[in-house]
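Q: Structure incoming, see below.
The values are calculated or read from the model by the stated rules, or taken from the named source; none is laboratory data. Keep in mind that what you see is a predicted model, and the values were worked out from it rather than measured. Cβ coordinates were reconstructed from backbone atoms using ideal geometry, including for glycine residues, and neighbour counts include every protein chain displayed. Ligands, DNA and RNA are excluded from the accessible area calculation, which covers all protein heavy atoms including side chains. Shrake-Rupley method; radii C 1.70, N 1.55, O 1.52, S 1.80 Å.
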Amino acid sequence: MRSVLPILTVVMAIVALWYGAAVMLNRQWTLDQAARAGQELTLTQVVADTMVQDRPKLPAPHQVGAELWKTTGDMVLQGRAFSKRSLIYHGWITLSATLLGFAIGTGAGILLAIGIVHNRAMDMSVMPWAIASQTIPILAIAPMIIVVLNSVGISGLIPKAIISAYLSFFPVVVGMVAGLRSPDRMQLDLLKTYSASRSQVFWKLRWPSSMPYLFTSLKVGMAASLVGAIVGELPTGAVRGLGARLLAGSYYGQTVQIWSALFAAAILAASLVGIIGLIQRVTLKRMGMAR
Amino acid sequence: MQTPIVKADHLDLVFQTNDGPVHALSDVSLEVMKGDFVSFIGPSGCGKTTFLRCVAALEHPTGGSLTVNGMTPDNARQERSYGYVFQAAGLYPWRTIARNIKLPLEIMGFSKAEQDKRVERVLDLVDLKGFGKKYPWQLSGGMQQRASIARALAFDADILLMDEPFGALDEIVRDHLNEQLLALWARTHKTCLFVTHSIPEAVYLSTKIVVMSPRPGRITDVIESPLPKERPLDIRDTPEFLEVAHRVREGLRAGHAYDD
């Protein structure tokens with residue numbers, strides 16, 4: 001509870017800055033309009049106008065909040081939660097690709113890490129490729145993946161999930177290789193004195209040792225998955241998903257819509273990472289590793 | 001004539017490193033009889049830990065012969081001939097003390113009921129009764145090390161290999177644990193091989209003290225202790241004790257252990 005006050009202070013500061021920036025950036029348009037109409041505006045009128053423009057350069061926080069409510073909660077109240085104008089609908093489209101991609105990426109990441117730790121050839125060969133894969137801009141490779149998969153008849157959810165997996169497997173590989181290697185020489189020697197098999201060493205020592213590493217990389221991987229899913233929606237002219245909302249917003253200069261989609265994505269990411277954090281706390285507590 | 005539990009005959013171990021070969025062990029010959037408590041003492045790099053690791057088949061000698069219970073060290077390990085206690089307790093933080101002690105039992109495939117029975121027994125042996133449900137971090141360093149000894153005892157190996165098990169503990173705790181270890185040794189009739197840096201510890205515990213020196217790692221003196229089996233802590237002030245300690249110190253000096 002002690003942390004509430006500092007957090008609120010920071011939030012207030014950000015909101016205040018945001019309002020200030022909105023006035024600064026949107027002022028010119030207001031003044032231009034007034035000049036064209038031959039009006040003289042007082043300072044209060046200018047400030048008031050910068051808060052309510054249809055297509056502001058930077059929407060004010062309350063505009064974004066109102067748009068968010070209009071496209072989520074309000075639609076639920078009207079019973080149209082899954083209409084095409086609802087952010088819940090678009091959010092779900094993106095979320096489903098994110099979760100599928102996250103599952104694929106995490107699974108592949110863990111398997112690769114197990115291979116790297118247990119097999120010298122994989123250790124030498126896989127890691128450089130994994131690193132190289134992340135140096136390619138995802139925006140460049142995303143359309144390729146979609147085109148290639150489309151040509152073999154796969155479209156919709158799967159290509160987006162694969163792009164999302166492409167981004168999320170990497171932090172899991174890196175984290176899990178470190179985690180599976182975290183037991184020290186002495187602990188490995190101890191199991192050796194029991195003549196433990198490789199799988200016993202894995203299940204009794206390496207896997208439990210890697211848990212703290214796993215959850216840390218899952219958090220990074222989850223955020224990367226969401227980015228991947230959204231990026232996967234951008235280059236295809238998708239009509240559904242948060243990425244599509246961002247794209248449509250930018251086509252039509254609907255800055256309020258862009259910002260509300262951005263916030264929806266941020267809220268989604270925060271909730272997903274929060275859920276992993278919760279699972280982490282419960283798991284580590286049950287393992288007796290949380291103090 | 002009894003056969004030795006551990007028999008090393010002209011043992012050599014050369015590590016190939018980037019700076020050239022390192023003679024970790026050179027011409028080490030030693031016999032350890034059943035029920036002996038043998039301490040290995042010497043400065044860092046004298047090969048005392050390496051010798052213990054050879055007995056445990058964690059290192060493999062490059063020359064000479066070594067038998068443990070009449071077998072090769074590898075076979076002896078398969079036969080669960082020894083329990084190894086490391087410098088650090090090395091308990092798994094995600095397991096309770098009882099489940100830590102079960103670790104070797106699980107790996108060796110003991111039944112659940114047998115596991116529980118053995119955990120109770122060894123916890124009692126190391127005076128940790130009632131601590132089975134605690135996690136390692138809830139115990140002091142000395143208690144953790146006792147738990148790790150219990151873990152090494154759980155599967156009834158005849159030999160206990162200990163590599164500076166009390167090295168990280170303060171002297172008061174160490175005295176206490178030394179006393180307990182002697183009592184444990186008297187009760188269980190194990191053969192103990194014990195590596196240490198401390199002269200009083202070596203003299204207090206051992207029936208036989210092996211003094212080693214480095215470059216190359218070799219044995220400079222083997223001292224059969226004249227002290228009685230029954231040893232209260234204040235035996236360390238008797239002339240006999242001081243005499244043995246003196247001889248150990250002489251042995252270390254003879255090995256030019258203090259040169260650098």
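Q: So how exposed is B:D124, as accessible area in Å² (1.4 Å probe, rounded to 10)?
A: About 70 Å², rounded to the nearest 10.
Q: Let me ask you something else. Short version: which residues of region B:109-137 lose at least 30 Å² of accessible area, all chains versus chain alone, 1.4 Å probe?
A: Those are B:Y135, B:W137, which lose 30 Å² or more relative to the chain on its own.
Q: Say each of A:R281 and B:K229 gets a label point 7 Å from the Cα, pointing the same way as Cα to Cβ; how far apart are those two points in nm?
A: Taking the simple label geometry, A:R281 and B:K229 are separated by 5.8 nm.
Q: If you take the charge dipole of the protein assembly as shown about its Cα centre, with +1 on Lys and Arg Cβ and -1 on Asp and Glu Cβ, which of A:V177, A:T30, B:V28 is farthest toward its positive end?
A: A:T30
Q: In the protein assembly as shown, with Lys and Arg counted as +1 and Asp and Glu as -1 at Cβ, which of these residues, A:A161, A:H118, A:A66, has the Cα nearest the positive end of the dipole, that is, farthest along it?
A: Ranked along the dipole, the leading option is A:A66.
Q: Here is a follow-up. What nm value, rounded to one decimal, do you get for the distance between A:V46 and A:Q28 when each label is placed 7 Å out toward the C-beta?
A: Inter-label distance under the simple model: 1.4 nm.
Q: Would any residue of region A:252-291 have its amide N under 17 Å from a label point 7 Å out along Cα→Cβ of A:A66? List them or say none.
A: Hits in region A:252-291 for A:A66 at 17 Å: A:254-261.
Q: Only protein chains counted, 1.4 angstrom probe. Which residues of region A:142-189 are at least 20 Å² less accessible in the assembly than when their chain is isolated?
A: A:R185, A:M186, A:Q187, A:D189
Q: Between the helical axis of B:97-108 and the dominant principal axis of chain B, each derived from Cα atoms, what acute angle in degrees is found, rounded to the nearest 10?
A: That works out to roughly 70 degrees.
Q: Could you give the size of the charge dipole of region B:42-190 about its Cα centre, using +1 on the Cβ of each K and R and -1 on the Cβ of each D and E, expressed in debye and rounded to the nearest 20? The partial results should precede the final answer.
A: Details: 19 positive and 17 negative charges, 103 e Å.
Rounded to the nearest 20 debye, it is 500 debye.
Q: Is there a quick way to get the dipole size of region A:59-176? I mean about its Cα centre, with the Cβ of Lys and Arg at +1 and of Asp and Glu at -1; what is the value in debye to the nearest 20? Don't jump to the answer; show the numbers that get you there.
A: Values: 6 positive and 3 negative charges, 53 e Å.
Taking the Cα centre of region A:59-176 as origin, the dipole is about 260 debye.
Q: Note down the relative contact order for region A:4-58 as a percent, whole number, built from C-alpha pairs under 8 angstrom at least six residues apart. Spell out each step's value before the answer.
A: Details: 25 pairs, mean separation 23.5, N = 55.
Rounded, it is 43 percent for region A:4-58.
Q: Taking only C-alpha pairs under 8 Å that are 6+ residues apart, what is the relative contact order of region B:43-116 in percent?
A: On the way: 31 pairs, mean separation 12.4, N = 74.
Computed over region B:43-116, the figure is 17 percent.
Q: Which value, in square angstrom to the nearest 100, describes the accessible area buried between chains A and B on both sides, using a 1.4 angstrom probe? Intermediate values should be presented prior to the final figure.
A: Details: alone 16730 and 12500 Å², together 27080 Å².
Adding both sides of the contact gives about 2100 Å².
Q: Sticking with this one: May I ask you to list the trypsin sites (Lys or Arg not before Pro) in region A:1-76 that are in a DSSP loop and have at most 16 other Cβ atoms within 10 Å of their Cβ? Could you put the intermediate results ahead of the total?
A: Working: sites: A:R2, A:R27, A:R36, A:K57, A:K70; in loops: A:R2, A:K57.
For trypsin sites (Lys or Arg not before Pro) across region A:1-76 that sit outside H, G, I, E and B with at most 16 neighbouring Cβ atoms in 10 Å, the list reads A:R2, A:K57.
Q: For the protein assembly as shown, max minus min Cα coordinate along each principal axis, in Å, sorted largest first?
A: 116, 55, 53
Q: Using only alpha carbon pairs under 8 Å that are at least six residues apart, calculate the relative contact order of chain A and give it in whole percent.
A: Values: 351 pairs, mean separation 62.1, N = 291.
That works out to 21 percent.
Q: Here's another thing I want to ask about it. Measuring with a 1.4 Å probe in the full set of protein chains, what accessible area per residue, in whole Å², belongs to chain B?
A: Values: 11460 Å² over 260 residues.
It amounts to 44 Å² per residue over chain B.
Q: Between B:D116 and A:A121, what is the label-point separation in nm under the 7 Å Cα-to-beta-carbon projection?
A: 4.7 nm
Q: Could you provide, to the nearest whole Å², the per residue accessible area of region A:87-286 with probe 1.4 Å?
A: Details: 9160 Å² over 200 residues.
Dividing the accessible area of region A:87-286 by its residue count gives 46 Å².
Q: Sort B:K117, A:K204, B:K134 from largest to smallest accessible area, using a 1.4 Å probe on the heavy atoms of the protein chains.
A: On the way: B:K117 135, A:K204 45, B:K134 85 Å².
Reading off the accessible areas and sorting them downward yields B:K117, B:K134, A:K204.
Q: So, one more: On a 0 to 90 degree scale, rounded to 10, what angle separates helix B:239-254 from the longest Cα axis of chain B?
A: The answer is roughly 60 degrees.
Q: At a temperature of 37 °C and a viscosity of 0.692 mPa s, determine how fast chain A diffuses translationally according to Stokes-Einstein, using the Kirkwood radius over alpha-carbon pairs as Rh; express D in µm²/s, rounded to the nearest whole number. Display every interim value, and only then the final one.
A: Working: Rh = 22.3 Å.
Stokes-Einstein gives a translational diffusion coefficient of 148 µm²/s.
Q: Which value in deg cm²/dmol, rounded to the nearest 500, describes the helix-derived mean residue ellipticity at 222 nm for chain B, given -39,500 (n - 2.57) per DSSP H run of n ≥ 4 and division by the residue count? Don't skip to the end; give the middle numbers.
A: Details: 8 runs with 94 residues, N = 260.
Mean residue ellipticity at 222 nm (helix-derived): -11000 deg cm²/dmol.
Q: Given H placed 1.01 Å from N in the peptide plane, which residues other than close sequence neighbours of B:M162 have an amide H under 5 Å from its amide H?
A: Long-range HN contacts for B:M162: B:V85, B:L193, B:F194, B:V195.
Q: Of the options A:G79, B:Y92, A:S209, report the single residue whose Cα projects farthest towards the positive end of the charge dipole of the protein assembly as shown (beta-carbon charges: Lys, Arg +1; Asp, Glu -1).
A: Checked the options; the winner is A:G79.
Q: Just to confirm the number: angle between the C-alpha axis of helix B:112-125 and the first principal axis of chain B, 0 to 90 degrees, nearest 10?
A: With both axes taken from Cα atoms, the answer is about 60 degrees.
Q: So if I place +1 on the C-beta of Lys and Arg and -1 on the C-beta of Asp and Glu, and nothing else carries charge, what would the dipole magnitude of the protein assembly as shown be about its Cα centre? I want it in debye, nearest 20.
A: Values: 54 positive and 44 negative charges, 498 e Å.
With only Lys, Arg, Asp and Glu charged at Cβ, the dipole is about 2400 debye.
Q: If you don't mind, another one. Could you give the DSSP H helices of chain A that reach 30 angstrom or more along their long axis (alpha carbon positions) and whose average Kyte-Doolittle hydropathy is no lower than 0.0? Don't skip to the end; give the middle numbers.
A: Working: long enough: A:4-37 (48 Å, 1.06); A:87-118 (45 Å, 1.57); A:157-180 (32 Å, 1.82); A:207-233 (37 Å, 0.84); A:255-286 (46 Å, 1.35).
The answer, listed by residue number, is A:4-37, A:87-118, A:157-180, A:207-233, A:255-286.
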